[in-house]
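A.B. asks: Here's a structure for you.
The values are calculated or read from the model by the stated rules, or taken from the named source; none is laboratory data. In this text the structure is predicted, and so the values were computed from the model without any measurement. Positions of Cβ are backbone-derived with ideal geometry, glycine not excepted, and every protein chain shown enters the neighbour counts. Calculation scope for accessible area: heavy atoms of the full protein, side chains included, ligands and nucleic acids excluded. Shrake-Rupley method; radii C 1.70, N 1.55, O 1.52, S 1.80 Å.
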Amino acid sequence: MAIPQIRVTREEMRKRVAYFKDLKGFDGGLPDSSYPSAVRKLYNAVGFQPPKGKGGAEVVSPVGAQAAANSAIPISEGFNLGFCEAKPGNGPMMHNHDTNETFMPLTGTWRCSWELDGKDEYFDVGPWDVCSFPPGVNRRFENITHSEPDKTHFLMFVIGGNAPEADFTDKAKATLREEGYLA
């Protein structure tokens, strides 16, 4: 059986082109968005919108509410592609997704960490390297390009699913509550 073929006009295809220079970055919409070491800007290039709220009140879109609502190419075809821009020392707090999440630095060096038996493990990756986390693994990423303290760097991420959810670890949520970032 052959794969069905479709035809799209140039106008229809234009709706599926996102020029990086036109992408809007958002620095809010996640529980840790204002936490000093978690400040970052997320650009939602392709994919999902906010999840339908299957989880608890603290379960959110992996790209945050603002970026999720403003995808440059708002399709639901099984994945999301976006970018994170952050200064050295910054990245999200430890969190989890119900889907795969894959990272590829475009600039700088990034630490991809996960929890294992009460301690953090990690790999440091640079431009064009790839780190892919399976669903259910508590993970985080952080720009560790400390030789350029005032320069932001970019990491590309691909997240599986049409409406995946993200949740922060109990430890991350406790820190955010203790310091007044989460009710």
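A.B. asks: Hey, any hits in the range 63-77 for a residue that's open to solvent by less than 70 Å² (accessible area, probe 1.4 Å), more than 21 Å from Phe26 (Cβ to Cβ) and hydroxyl-bearing (Ser, Thr, Tyr)?
C.D. replies: Checking the range 63-77: not a single residue is open to solvent by less than 70 Å² (accessible area, probe 1.4 Å), more than 21 Å from Phe26 (Cβ to Cβ) and hydroxyl-bearing (Ser, Thr, Tyr).
A.B. asks: Of all the residues that make up the range 88-102, how many are of a type in the set (D, E, K, R) and at pLDDT 95 or above?
C.D. replies: 1
A.B. asks: Search the range 57-67 for residues being of a type outside the set (Gly, Ala, Ser) and not in a helix (DSSP H, G or I), and hand back the single one that is nearest to Leu106 (Cα to Cα). Explain how you work it out, then say what you get.
C.D. replies: Start the filter on the range 57-67 by keeping residues that are of a type outside the set (Gly, Ala, Ser), which leaves 58-60, 62-63, 66.
Restricting the remaining residues to those that are not in a helix (DSSP H, G or I) gives 58-60, 62-63.
Numbers: Glu58: 30, Val59: 28, Val60: 26, Pro62: 20, Val63: 18 Å.
If we take residues in the range 57-67 being of a type outside the set (Gly, Ala, Ser) and not in a helix (DSSP H, G or I), then Val63 is nearest to Leu106 (Cα to Cα).
A.B. asks: Also, I was wondering about something else. Could you check the range 68-95 and list, in sequence order, the residues that are under 11 Å from the mean Cα position of the chain (by Cα) and assigned to a strand (DSSP E or B)? Spell out the reasoning first.
C.D. replies: In the first step, residues of the range 68-95 are kept if they are under 11 Å from the mean Cα position of the chain (by Cα); the result is 68, 80-85, 91-92, 95.
Result: Asn80, Leu81, Gly82, Phe83, Cys84, Glu85, His95.
A.B. asks: Collect the residues in the range 148-183 that are open to solvent by 10 Å² or more (accessible area, probe 1.4 Å), in a loop (DSSP other than H, G, I, E, B) and farther than 15 Å from Ala86 by Cβ, keeping them in residue-number order.
C.D. replies: Gly161, Asn162, Ala163, Glu165, Thr169, Glu179, Gly180, Tyr181, Leu182, Ala183 - these are the residues of the range 148-183 that are open to solvent by 10 Å² or more (accessible area, probe 1.4 Å), in a loop (DSSP other than H, G, I, E, B) and farther than 15 Å from Ala86 by Cβ.
A.B. asks: Just checking, does the range 140-147 include any residue being modelled with pLDDT of 95 or more, more than 19 Å from the chain's Cα centre (by Cα) and over 26 Å from Ala65 (Cα atoms)?
C.D. replies: Checked against the condition, which is being modelled with pLDDT of 95 or more, more than 19 Å from the chain's Cα centre (by Cα) and over 26 Å from Ala65 (Cα atoms), the range 140-147 yields at least one hit.
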